[in-house]
1. Just to make sure I understand: if all protein chains stay in place, what is the order of LYS199, LYS71 by accessible area at 1.4 Å, largest first?
2. Taking the Cα centroid of the range 259-293 and of the range 480-527, what is the distance between the two, rounded to the nearest whole Å?
3. If you count only protein heavy atoms with a 1.4 Å probe, what accessible area per residue comes out for the range 48-192, rounded to a whole Å²?
4. Return one number: the angle in degrees, 0 to 90 and rounded to the nearest 10, between the long axis of the Cα atoms of helix 586-606 and the longest principal axis of the Cα atoms of the chain.
5. How high is the relative contact order of the chain, given as a whole-number percent (alpha carbon pairs under 8 Å, six or more residues apart)?
6. Pull up the cross-link candidates among the lysines for LYS71, meaning alpha carbon to alpha carbon under 19 Å and not fewer than 8 places away within one chain.
7. Please report, as a whole percent, how much of the solvent-accessible surface of the range 29-155 comes from carbon and sulfur atoms (probe radius 1.4 Å).
8. If you roll a 1.4 angstrom probe over the protein chains with everything in place, what fraction of the accessible area of the range 259-506 belongs to carbon and sulfur, to the nearest %?
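The values are calculated or read from the model by the stated rules, or taken from the named source; none is laboratory data. Here the structure is a predicted model, which means the values were calculated and not measured. Note: ideal-geometry Cβ built from the backbone for every residue, glycine included; neighbour counts use all protein chains shown. To get the accessible areas, we keep the full protein, side chains included, count just its heavy atoms, and leave off ligands, DNA and RNA. Shrake-Rupley method; radii C 1.70, N 1.55, O 1.52, S 1.80 Å.
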Amino acid sequence: MRFTVRLVVAIWISAMVVIAGFTFLQIQQERERLVNDLERRAVLLAEGLKEAIEPAVARGSTSRVEAILKKFGEPRRGLAVYDRFADLMVATRDLAPTLPPALPEVTDAVTKGVVSRGFRSIGDRWTYVYATPLTRDERRLGALAVVLDATHLTTAERDLWRDDAIRFVVLALALSLIVLFVVRGSVSRPMAEISAWTKGLRTGRPVPPPAVPDAGLFGPLAREVSMLARSLQKAQAAAEEEAALRLAGETVWTEERLKQFVNLRLEGRPLVVVSNREPVSHYWKAGKVHAQTPASGLVTAMDPVMRACGGVWVAHASGDADRETADERGRVGVPEDEPRYTLRRVWLSKEEEQGYYYGFANEGLWPLCHIVHTRPTFRPQDFAHYVEVNRKFAVTVLDEIREAEAPLILIQDYHFALLPALVKAERPDARVAIFWHIPWPNFEAFGICPWQRELLLGMLGADLIGFHTQYHCNNFLETVDRALETRIDWEHLAIARSERVTYVKPFPISVAPEFVEDPPPISREDLLRELGVGAEFLGVGVERVDYTKGLPERFRALRWFFERYPEYRERVVFVQLGAPSRSTIKRYQELQLEVEETIREVNAELATRTWRPILYLNRHHEHRDIWPFYRHADFCMVTALHDGMNLVAKEFVSVRDDGDGVLVLSRFTGASYELRDALLVNPYDLAETAEAIRAAVAMEPGERRARMARMRQTVREHNIYRWAGLLLSDLSRIPAETTGAPAS
Ligand code: F6P
């Protein structure tokens with residue numbers, strides 16, 4: 001309250017000073033205007049009368065002068081004529097009795113022969129006196145005085161002060177009310193909320209943090225307090241979760257556990273992650289920079305790990321505003337508002353990106369490793385760029401670990417097969433792992449790659465190579481066995497070459513328990529209304545538009561389902577979220593057309609006046625946008641023709657905290673090895689997939705819940721923190737010169 005009083009008093013004083021200043025100026029101007037007016041009137045009258053009076057005075061005709069004054073005199077306008085000794089000759093009737101014996105203006109006019117003017121009190125009135133000399137043939141005869149009533153000058157002044165005083169009071173009252181209102185709404189209430197929240201925390205109650213107050217008013221302080229609130233609440237929730245898990249004797253990995261594990265096990269050794277895709281890209285949109293999370297399973301998986309562990313993430317800068325948002329070394333804190341790790345961006349030329357990413361990685365290795373019958377294209381110039389870009393990333397990684405002792409390097413994916421050997425050659429003390437996010441085919445399939453030796457030798461530079469499944473590990477070991485001179489230890493899954501040993505092990509990747517931290521408050525009804533859909537059952541698919549994802553097959557299976565079970569027409573709607581991907585590659589352009597054409601065909605064949613079976617939302621969606629689809633769908637379809645893991649399946653399960661929803665899952669995904677309660681399908685078999693859709697919509701709630709509960713248990717236990725913990729644990733225990741298995 002004291003603060004409000006101080007604020008109000010300050011406002012009153014300021015308003016008073018400002019209004020008084022303005023009033024003073026206003027009075028000055030008004031006075032000037034009125035004086036000019038008096039002067040103008042006096043001059044007009046005096047100069048007009050002079051011509052008539054001068055001859056009469058010269059003649060000594062007092063009666064004539066009297067007659068003239070009588071004619072022009074008025075009660076508020078007195079006239080007086082003086083002789084050459086400044087003695088009064090004649091004056092108008094009202095003026096005569098009040099005139100003092102001498103008027104200084106008249107004396108000046110008579111003695112100096114100049115016009116003289118001034119204000120003075122005559123009788124009980126404030127007057128303006130204008131005296132002009134009377135002459136005849138250059139002979140001074142006396143003076144004419146015009147005496148005008150000037151009391152209105154003081155009245156006007158007083159009125160102005162009074163009006164402005166009223167204005168001041170009204171303004172001050174209005175301002176005081178506004179201040180009270182604003183202070184209460186924007187300061188007192190938020191402060192009370194923050195203090196209630198702080199008190200709640202102090203007493204151990206789980207109080208939700210207050211919403212961010214007016215950032216414009218409180219500025220960075222408000223943001224920081226709210227951030228602090230959120231962090232504390234998260235920390236409190238994590239500690240409670242930990243305690244509960246300990247009490248229950250459970251060993252589930254959490255973000256907190258991974259943090260503690262990293263602190264204890266790595267003892268300050270820095271962690272560097274390398275991937276092609278960056279966790280956040282910045283783009284120009286309508287003159288403003290926007291942050292975007294790419295549609296990438298790798299990013300979904302690695303970002304929570306990096307938030308827990310900290311460290312540096314080296315990645316290709318793919319956004320057109322990436323330079324503007326990073327420092328001169330290409331570094332930027334992530335997340336922006338509360339940095340937990342550093343993103344180090346690497347810029348590539350158009351040619352490098354074309355050859356390394358679109359060319360060798362995505363037209364060569366991608367179709368080589370995914371057995372989906374798209375022929376790989378191998379161009380020597382693409383491979384040359386691939387080598388060049390791997391070297392470029394090696395330089396950046398070496399720069400990041402220059403000062404560090406025995407750092408841990410986690411290289412991600414098929415874009416960097418050569419990187420492990422390049423780093424290890426310079427820094428043998430670094431512990432290097434490469435995790436291959438896509439399938440590894442059998443040795444015959446891989447053997448068609450003209451540079452298989454270079455790729456394998458590059459990968460064997462790593463101390464540890466991870467795949468999603470044991471099956472992919474076996475394929476890799478067999479490929480190495482056939483292609484290189486090495487010794488394979490099948491018992492320990494290790495490859496020995498010269499003095500170096502590389503371990504090969506499955507680490508099934510997963511998701512964080514929370515897909516988004518604060519899900520949007522959108523109900524199923526809101527979602528359907530927004531989509532303009534009135535269906536009883538909602539199906540959903542979430543993918544990059546990639547030929548490995550089995551999109552056309554999925555839509556054909558849906559057609560099959562509606563043909564086989566017409567009773568579901570107008571009752572089921574399938575929404576496909578498709579993020580555009582690698583769209584400069586011809587095969588992806590063809591796929592985009594095929595997807596659109598297939599959807600058009602199915603809709604054209606089945607749609608009614610009020611219903612369309614498939615809705616295609618072909619654009620990038622942030623996690624917060626995807627969440628309502630996962631959360632409110634009756635079933636989710638993952639029909640990849642071949643996939644290393646497929647995190648969409650696990651994301652769907654992790655979001656379903658209502659315990660409901662059915663997952664239709666391709667048996668050719670790594671996820672199908674873990675999520676055995678999904679309805680597993682061969683996506684090439686349209687009839688089987690259609691039957692699975694029918695089973696999903698017809699499934700009894702009890703069975704749905706039982707299946708979902710088991711899948712949620714799997715995803716909860718085998719989460720991304722466990723994946724990272726096990727991988728880092730194995731990597732950190734590898735001795736500098738690898739000659740034997742890491743101690744178990
Ligand atoms: O599955 C392999 C992978 O690199 C994933 O890690 C990622 O989700 C996906 O491909 C994205 O591909 P890109 O980065 O080329 O868009």
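1. Numbers: LYS199 115, LYS71 155 Å².
I get LYS71, LYS199, largest accessible area first.
2. 19 Å
3. The answer is 56 Å² per residue.
4. The two axes meet at around 90 degrees.
5. 9 percent
6. Candidates past the 8-residue exclusion: LYS50.
7. That share works out to 49 percent.
8. Values: 4820 of 10010 Å².
Answer for the range 259-506: carbon and sulfur cover 48 percent of the accessible area.
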